[in-house]
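The values are calculated or read from the model by the stated rules, or taken from the named source; none is laboratory data. This is a predicted model, so every value here is computed, not measured. All Cβ positions, glycine included, derive from the backbone under ideal geometry; neighbour counts span all protein chains shown. Quick note on the areas: whole protein, heavy atoms, side chains included, nothing else; ligands and nucleic acids left out. Shrake-Rupley method; radii C 1.70, N 1.55, O 1.52, S 1.80 Å.
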Amino acid sequence: MLKQFNYDNDLVGGALMVRESRIIADLLLQQATPEQWHHAIHVENVLQKRKTISAQRNAIAIRRRLEGFHPDFWLMLRDGDADLAAQVSFCAALNRNLLLLEFMETVVKDAYLIQSTTLERYIWLDFLEERSLIGANIATWKESSRKKMGQVVFLMLAEVGYLQDTRSRQLQRVLLRPELAALLEQHGKQRLQDAMSVAI
């Protein structure tokens with residue numbers, strides 16, 4: 001019997017969090033021990049969160065995204081300019097979450113192909129409905145969780161520049177930074193490179 005395929009719903013963990021991602025990338029590059037991680041996140045509060053639980057949740061979400069990448073990406077994220085850091089953060093989110101990647105490959109790509117001016121809010125819920133035929137667990141997600149995931153996705157798209165903002169949701173052209181494109185190619189991440197290039 002084939003194992004049932006399930007999608008990950010970790011998108012509720014937060015949007016790009018570029019500033020925080022730079023800090024987590026630095027900890028990864030330093031090869032911080034568990035004790036050093038705890039001290040940085042809980043004692044020093046390097047993520048500058050009001051609540052410890054929020055800092056811990058964000059740190060875990062970002063670390064899971066970044067650990068799927070070679071340290072070369074961490075270095076680019078930590079030391080790159082704001083635009084480059086946002087693109088690396090978005091790549092990490094795409095790499096971590098197949099649902100987000102497929103949304104870029106289908107819905108967002110199609111929107112650019114047909115020259116849509118905006119990305120409507122309902123399109124995320126329609127996408128989830130379609131994907132529920134593949135990932136049966138989507139049907140078990142609460143409506144509030146689905147909408148929250150959509151808010152996070154649209155915020156990510158705005159943060160990296162595909163949308164002008166989350167209110168108008170006006171589509172914009174995004175050029176993948178050549179240094180990031182070269183790094184993706186070097187590490188065999190062609191699918192991510194293609195997904196990031198849908199707006200060209």
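In table form, for the structure just shown:
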item	result
Residue within the stretch 88-97 that is of a type in the set (Lys, Arg), under 30 Å from residue 117 (Cα atoms), part of a helix (DSSP H, G or I) and open to solvent by 50 Å² or more (accessible area, probe 1.4 Å) present	yes
When residues of the stretch 126-140 are limited to those that are within 16 Å of residue 150 (Cα to Cα) and open to solvent by less than 80 Å² (accessible area, probe 1.4 Å), the one farthest from the chain's Cα centre (by Cα)	139
Yes/no for residue 55 being of a type in the set (A, V, I, L, M), surrounded by 13 or more Cβ atoms within 10 Å (Cβ to Cβ), touching a His at 6+ places or on another chain (Cβ under 8 Å) and without any contact (Cβ under 8 Å) to a residue 40 or more places away in the chain	yes
Exclusive hit being modelled with pLDDT of 95 or more, surrounded by 12 or more Cβ atoms within 10 Å (Cβ to Cβ) and touching a Gly at 6+ places or on another chain (Cβ under 7 Å), set 164, 193, 172	172
Residue within the stretch 160-177 that is in contact with a strand residue (DSSP E or B) (Cβ under 8 Å, 6 or more places away or on another chain) and either aliphatic (A, V, I, L, M) or under 12 Å from residue 12 (Cβ atoms) (or both) present	yes
Residues located in the stretch 39-52, provided they are out of contact with any Ser or Thr (no Cβ under 9 Å at 6 or more places or on another chain) and either open to solvent by 20 Å² or more (accessible area, probe 1.4 Å) or at pLDDT below 90 (or both)	39, 43, 44, 46, 48, 49, 50, 51, 52
